[in-house]
Structures are given as structure tokens and as C-alpha cells.
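This report concerns only the one structure given below.
The values are calculated or read from the model by the stated rules, or taken from the named source; none is laboratory data. Here the structure is a predicted model, which means the values were calculated and not measured. Cβ coordinates were reconstructed from backbone atoms using ideal geometry, including for glycine residues, and neighbour counts include every protein chain displayed. These area figures cover heavy atoms from the full protein model, side chains too; ligands, DNA and RNA do not enter into them. Shrake-Rupley method; radii C 1.70, N 1.55, O 1.52, S 1.80 Å.
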Amino acid sequence: DDETGIEASRDAIKAALAKLEVQKKDLTEKRNLCKTFDFPHLVKPANDVVDEMSFDLQEIGKVWNTIEGLQFFIAESKEVLWREIRPDDLDDGSKQQVKAVKNCQKNMRWCKTYKFADKLSKDFLNTIPLISLLGAKYMRERHWEMLKVSTKKNFTPPYENKDLLLGDILNLNLHEFSNEVEEICDQA
């Protein structure tokens, strides 16, 4: 469950920040002692590490905020009725999400959290053109049946379900079948 994972991660970040605060207080005491005995240079490496850890924890919190925004955008998009989709709006919103992920601090790009957000945002962006193609008037029953075969997933196509949600189509993971979708739409 995404919400449980996000909440657990937020709790872990809070716990790490709390531990770091304890270390900062301890370091302050040691720094004062070193200053008193004229050895301030001995504490500098430890101080640098604590500062870097503090910065990293703040930045990973920002990455999680970005993921929350991305997941909220995708969840809202999934609730749009298929017949009311506005591909240009989806495309613009998706590009904003990709940009938000790219705006995360570069030193966070190694972590799984960032990689997850980057992949999720790009996969969604890559799906938008496919949704536009599938939303064209020339799509017939046979084309939707071909899509079922290509994706190996059974779903109720728009011609059978007037209340079909975009989420029902997104669940097909179209980005994994882009060549097949494009070929089907070209045939249509």
C-alpha cells in the first residue's frame, strides 16, 4: 500500500532526524571541549558529516513530498471518465510532475526513492500519447479486442462501458506495450 509505505518512510525520516539532533547536541559539547583545549580542528570532520546527514535527510523528505504529489496527480487522473479525458491537460500535468522529480537535489538520484519517482513520472508521461491514440474516434471493437490480446489483460472497453475511467486503461500499463498500441491505432 503506497500510503502505508509513505507514512513508514516519513516516520523513519522523523526518527533519523531525532537521532541526528541527539548527535548534534553531543557534537556541540565535544566542540566546546575541543575549543577549550585548543583542538577545534579535531571536531571539524564530525561536524561536516553531521551537516551532510542533516542536508540529506531534508532532501529525502523533499523527494517523498514530490512522490506524494506525483501519486496524488496520478490518482486524480485515474478518476477521470474516459469520455472526458483532455490529453493536453494530462500531458501538461505529467510534464510538471517529471519536472518536479528532476528538480530534486542531484545528490538524491542514487536512492531507490528517487529512482521510483523518476520511473513512475516518465512511465505516466509516456502513456499520455498512447491514451490520445486510443481515444480517437476511429477505434472500433476489433481494435479494442486486439489491445486485450496485446496486453494479455481483460478489461471492459469504452464502447461497452460509458462510465469507463482512465484508471481502467492505465491499469493496462500501456507504456509496456507502446509499439503494439501504436500498431493497433495505425491499423484503425
#### Entry: Count of the range 130-188 residues which are hydrophobic (A, V, I, L, M, F, W, C), more than 22 Å from ILE74 (Cβ to Cβ) and open to solvent by less than 70 Å² (accessible area, probe 1.4 Å)
7
### Query
If you go through the range 171-188 one residue at a time, do you hit one that is closer than 18 Å to VAL80 by Cβ, hydrophobic (A, V, I, L, M, F, W, C) and part of a helix (DSSP H, G or I)?
yes
### Query
Given (1) more than 11 Å from the chain's Cα centre (by Cα); (2) more than 27 Å from GLU160 (Cβ to Cβ); (3) among the small types (Gly, Ala, Ser), where does SER132 come up short, assuming only one miss?
(2)
